[in-house]
Structures are given as C-alpha cells and as structure tokens.
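Report on the following structure.
The values are calculated or read from the model by the stated rules, or taken from the named source; none is laboratory data. Remember, predicted model here, so these are calculated numbers, not experimental data. Every residue, glycine as well, gets a Cβ built from its backbone with ideal geometry; the counts of neighbours run over all protein chains shown.
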Amino acid sequence: MTGAFPGTRAASSTAPGARSKSLHLHAVRKQYGGRTVVNIEDLVLGAHGIEGLIGPNGAGKTTLMKLITNVVSPDSGRIEYHLPDETVLLSAKKPDAIARMGIVKSNQVIQDFESLSIRESLLLALAGAKEEKFWKVLSDKTFQRRAVQEIDEYLDIFSFQNPDGTAGSAGEKKLLDILRCLLLKPRFLLMDEPTAGLPQEETDKVMDLMRTKTRENDLSILIIEHDLDLIWQTCEYVHFMAEGEILLQGTPTEVRNNATVAEKYLGASHA
Ligand SMILES: Nc1ncnc2c1ncn2[C@@H]1O[C@H](COP(=O)(O)OP(=O)(O)OP(=O)(O)O)[C@@H](O)[C@H]1O
Ligand SMILES: [Mg+2]
C-alpha cells in the first residue's frame with residue numbers, strides 16, 4: 001500500500017497496464033465558511049482502471065469531484081490532467097471545456113429530466129458530445145440513424161418502463177444520468193454514488209458495463225460509493241478520504257483491512 005502521498009511518476013510509467021491519462025492534484029485546498037473541506041497535498045487518480053473514493057459523510061468526496069470538473073474552484077493548488085503529449089491545467093478551464101476533454105461527472109443528486117423523454121435526453125447527450133452547437137447535428141439524418149442504434153443498444157440492456165416517456169422513478173433518473181455520461185464518450189468518468197437507489201440487478205448491469213468500457217475504451221473511472229461491497233468487488237484501487245484529506249490508498253484488501261478505515265468509517269462491526 002502507498003501512503004497518503006504517492007510519487008506522481010507511477011501513473012506516467014510505461015509499465016504494462018499503465019493508463020494513458022491521469023489526474024494529478026497538488027496542494028489543493030477548499031474552504032466553506034472558514035472550514036476546510038478539501039485539503040489534498042498530492043494525489044494521483046486514474047493510474048488504475050476503476051478506482052474507488054470512499055469516506056464518511058461530509059468527508060469532501062463530492063467536493064473533490066467538483067473541483068476536478070471546476071464546477072467549484074479551488075482556493076489554492078493545481079489540478080492537472082496528464083495526457084501522453086500534454087498536461088492540461090484544469091483549474092484554468094471552464095466546466096464545459098473539461099467535459100469536452102472527456103472528463104465527465106455523474107451526479108449524486110439528479111437534475112430534473114422531467115421535460116424530456118428518456119430517448120430525447122440520450123439523443124441530446126450524443127449530439128452534445130459530437131458538437132458544441134448540438135442543434136446543428138440533431139437534424140442530420142446520418143447522425144440520427146447512428147444515434148438511434150447506439151441508444152437502443154443501451155436501452156436493450158436496462159429496463160426502463162417506457163423509454164419514450166420521461167424517467168419515472170429515482171432509479172430511472174439515476175440510470176439515465178449514467179447512460180447520458182457514457183454517451184458523452186468519456187475518457188475519465190467521475191461517478192458520484194451512481195447506484196444509490198438502483199435495484200441490485202440494475203446495479204450489477206451498470207458495473208458490468210463499466211468493467212467492459214474500461215477494458216475496451218481506455219476509460220478510467222473513479223467511483224464514490226457508500227456501498228462498500230460494490231467498491232471491494234469492482235475497484236482495483238481505493239482512496240480513503242476523511243475530513244478533507246486522503247488518509248490511505250491501496251488495493252481493496254489493503255484498505256478494507258486497515259485499522260484507520262475501520263475506526264473512522266466502517267464502525268466496530270467491521271473492525
Ligand atoms: N456549497 C457548499 N457550501 C457550504 N458548505 C458546503 C458546500 N458544499 C459542501 N459543503 C460542505 O463541505 C463538506 C464536504 O461535503 P461533500 O458534499 O463534499 O461531502 P461528501 O464526502 O460527498 O459527503 P456524502 O458522502 O454525504 O455525499 C460538508 O461538510 C458539506 O456540508
Ligand atoms: Mg457526496
């Protein structure tokens with residue numbers, strides 16, 4: 001297991017299994033009302049295929065993801081996106097530019113999709129991924145044909161009650177948000193409690209899809225989840241956050257068996 005401050009070289013190594021991109025955070029701080037909610041000295045994300053970010057309520061997990069997508073600006077520090085030929089300073093980019101670079105965040109609290117049908121929402125995501133002025137591509141017949149095919153592939157996997165209607169339950173909205181993110185063709189997917197409220201069967205399908213996507217598409221995924229069984233089963237590497245800081249990192253087995261995690265998060269029953 002590495003300590004809280006791993007060297008940043010590991011992620012850019014050419015060792016087998018190394019990923020082609022990673023996020024590097026250096027001395028990143030965020031305060032709300034004088035209280036520090038994120039305080040990260042050095043953190044590399046995305047060196048493994050699917051990574052987990054766990055920690056108690058209020059640890060700063062969601063804020064950390066919002067800092068990466070620059071929906072929230074850090075008070076200080078640097079967040080860099082390392083690609084094979086360039087390094088991009090994310091805190092200098094707008095959220096929509098970051099999304100177009102392929103860093104996409106799913107939402108813990110789902111926005112209102114109520115005015116659009118499930119199919120329309122997915123079509124909009126596909127069009128938005130293709131071009132900034134998405135209304136231009138919406139009327140393109142070739143785009144429409146391909147889009148329907150791609151959307152149908154997803155709709156065949158998941159059981160929406162009525163894809164031509166609006167998303168009904170909280171679970172359907174959550175699923176729709178995940179599919180919307182995938183249609184944006186992310187290279188780095190930040191998933192904030194993606195399966196909270198989903199039936200187990202749908203959760204399993206989402207996770208299977210994520211595993212396939214990381215294998216086939218050079219996609220890196222960071223998942224925040226309180227369902228720790230899902231984390232242990234799905235993630236290759238886990239970061240443990242508490243009170244704004246990354247306290248531990250390691251394989252699921254290493255993190256699961258660590259006394260600090262047991263004490264600060266899992267409670268006595270898991271210790
Ligand atoms: N916009 C905001 N204004 C003020 N305080 C905020 C704001 N956003 C987050 N916080 C506070 O920052 C802390 C970290 O919140 P955050 O949502 O990042 O935690 P979290 O780890 O995602 O928790 P949870 O597991 O409950 O989702 C909390 O104490 C929260 O109340
Ligand atoms: Mg959160």
All but one of (1) crowded, with 18+ Cβ neighbours inside 10 Å; (2) within 16 Å of ligand 1 (Cβ to nearest atom); (3) not hydroxyl-bearing (Ser, Thr, Tyr) hold for Leu182; state the number of the condition that does not hold. (2)
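Conditions tested, residue by residue: (1) over 21 Å from the mean Cα position of the chain (by Cα); (2) among the hydrophobic types (A, V, I, L, M, F, W, C).
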site: Asn162; (1), (2): yes, no
site: Lys174; (1), (2): no, no
site: Leu190; (1), (2): no, yes
site: Glu193; (1), (2): no, no
site: Arg211; (1), (2): no, no
Conditions (1) within 16 Å of ligand 2 (Cβ to nearest atom); (2) in contact (Cβ under 8 Å) with a residue 40 or more places away in the chain; (3) not assigned by TED's automatic domain parsing to the domain that holds Ser115 -> Leu230 fails only (2)
For the stretch 194-217, check the following and say yes or no: at least one residue is closer than 17 Å to Ala47 by Cβ and in contact with a helix residue (DSSP H, G or I) (Cβ under 6 Å, 6 or more places away or on another chain). no
Those residues of the stretch 247-271 that are part of a helix (DSSP H, G or I) and either within 17 Å of Leu43 (Cβ to Cβ) or modelled with pLDDT of 75 or more (or both) come to a total of 12
In the stretch 60-105, the residues that are under 17 Å from the mean Cα position of the chain (by Cα), within 16 Å of ligand 1 (Cβ to nearest atom) and assigned to a loop (DSSP other than H, G, I, E, B): Gly60, Thr69, Asn70, Val71, Val72
The stretch 37-57 - residue that is at pLDDT below 95 and surrounded by fewer than 21 Cβ atoms within 10 Å (Cβ to Cβ) and, of those, nearest to ligand 2 (Cβ to nearest atom): Asn57
Restricting attention to the stretch 233-242, does a residue exist that is hydroxyl-bearing (Ser, Thr, Tyr) and in a helix (DSSP H, G or I)? yes
Note down all Cβ pairs under 7 Å where the first residue falls in the stretch 192-216 and is among the acidic types (Asp, Glu), the second is modelled with pLDDT under 90 and away from ligand 1 (no atom under 16 Å from the Cβ), and they're at least six residues apart or on different chains. Glu202/Gly171
Being in contact (Cβ under 8 Å) with a residue 24 or more places away in the chain, within 8 Å of ligand 1 (Cβ to nearest atom) and small (Gly, Ala, Ser) is the filter here; which residues of the stretch 32-59 pass it? Gly55, Ala59
Considering Ile224, Ile246, Ile231, which residue is touching a His at 6+ places or on another chain (Cβ under 9 Å) and either of a type in the set (Val, Ile, Thr) or crowded, with 18+ Cβ neighbours inside 10 Å (or both)? Ile246
I'd like the full set of residues that are among the polar types (S, T, N, Q) and either within 16 Å of ligand 1 (Cβ to nearest atom) or more than 20 Å from Ala170 (Cβ to Cβ) (or both), limited to the stretch 187-220. Thr195, Thr212, Thr214, Asn217, Ser220
